[in-house]
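The values are calculated or read from the model by the stated rules, or taken from the named source; none is laboratory data. In this text, all values refer to a predicted model and were calculated from it rather than measured experimentally. Here the Cβ is made from the backbone with ideal geometry for all residues, glycine too, and neighbour counts use every protein chain on show.
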Amino acid sequence: MPLIITDPFFYVVAIPAVLLLGLSKGGLTGLGTAATPLVALYLPPLEAAALILPVLITQDVISLYVYRRHWDATNLKIMLPGAAAGMALAWLTAAYVSDETIRIIVGLVCVGFVANMWMHRKNEGPRPANLASGVFWGGVSGFTSFMMQGGGPPFQVYVLPQRLPKLTLVGTTTIFFAAINALKIGPYLALGQFNTANFSTSLALLPAAIAANFAGVWLVKRTPTRLFYQIAYGLLFVISAALLWQGLSGLLR
């Protein structure tokens, strides 16, 4: 086995993927959902998720430092237990649930959510945190994050309607995903998804990922809150529609 992936086509998909991850970890939440599907054009989806994990954890460290004073404890206390349960379920079912099925389910739910929010946004104020909803969406986020690093859309379905302050939203997102990314290490090792080539390749991608991370932080801090939320909903809709399209296309093939 080579010490690093050398195929140029891999980097055609991998470099844009880590740039999207960096912008997402910097605060433009949702962009990172496209990363694993991009790398999965070259590798099996779960192996692609494992290759990306060291990059994610490095970016988490940077974002945790930047947003360390901006987070919402209530949402983390509600969602993290659900996320742990969702990841455990994903670990048990990784060999039986197709990536296409997951993409279709997540895509349908999130496209429907955004469409509903847009139709009713003038009539609805911020929603408070809710225990049952938070545990459920935390579980869905943990499951999809484990399977394809796609936990962002379910997380946003629950958190965006609360209309948290912009930096609080980004900081809460950062801590939530830093925790579940750390929890993935053991299961991915147990499933045999790490190898020397993947880990070395992850290290080679780190400079681009870190640069994009700081670019995301810079953009978030300079984006007005109202525009930030408009961008967040727009990205969630586009990415969810793309997941739905990928899932349907995969099933048809």
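Side notes on the structure shown:
- Subset of segment 205-235 [surrounded by fewer than 15 Cβ atoms within 10 Å (Cβ to Cβ) and either modelled with pLDDT under 80 or touching a Leu at 6+ places or on another chain (Cβ under 7 Å) (or both)]: T225, R226, Q230, G234
- Residue match in segment 140-150 (condition: out of contact with any Gly (no Cβ under 8 Å at 6 or more places or on another chain), assigned to a helix (DSSP H, G or I) and of a type in the set (S, T, N, Q)): no
- Flag for W118 being modelled with pLDDT under 80, assigned to a helix (DSSP H, G or I) and aromatic (F, W, Y): yes
- Residue count for segment 146-198 satisfying the condition of being basic (K, R) and either in contact with a Pro (Cβ under 9 Å, 6 or more places away or on another chain) or surrounded by fewer than 20 Cβ atoms within 10 Å (Cβ to Cβ) (or both): 2.
- Given (1) of a type in the set (A, V, I, L, M); (2) outside any loop (DSSP other than H, G, I, E, B); (3) surrounded by fewer than 24 Cβ atoms within 10 Å (Cβ to Cβ); (4) touching a residue at least 24 places away in the same chain (Cβ under 8 Å), index of the condition V97 fails: (2)
- Qualifying residue in segment 68-75 (condition: assigned to a helix (DSSP H, G or I), touching a residue at least 12 places away in the same chain (Cβ under 8 Å) and among the hydrophobic types (A, V, I, L, M, F, W, C)): no
- Condition check for A132: crowded, with 16+ Cβ neighbours inside 10 Å, at pLDDT 90 or above and either hydrophobic (A, V, I, L, M, F, W, C) or in a helix (DSSP H, G or I) (or both): no
- Single unsatisfied condition, P126 versus (1) over 20 Å from S63 (Cβ atoms); (2) out of contact with any Gly (no Cβ under 7 Å at 6 or more places or on another chain); (3) part of a helix (DSSP H, G or I): (3)
- Segment 1-39: number of residues that are modelled with pLDDT of 70 or more, under 23 Å from K184 (Cα atoms) and assigned to a loop (DSSP other than H, G, I, E, B): 4
- Yes/no for V109 being over 15 Å from G86 (Cα atoms) and in contact with a Phe, Trp or Tyr (Cβ under 7 Å, 6 or more places away or on another chain): no
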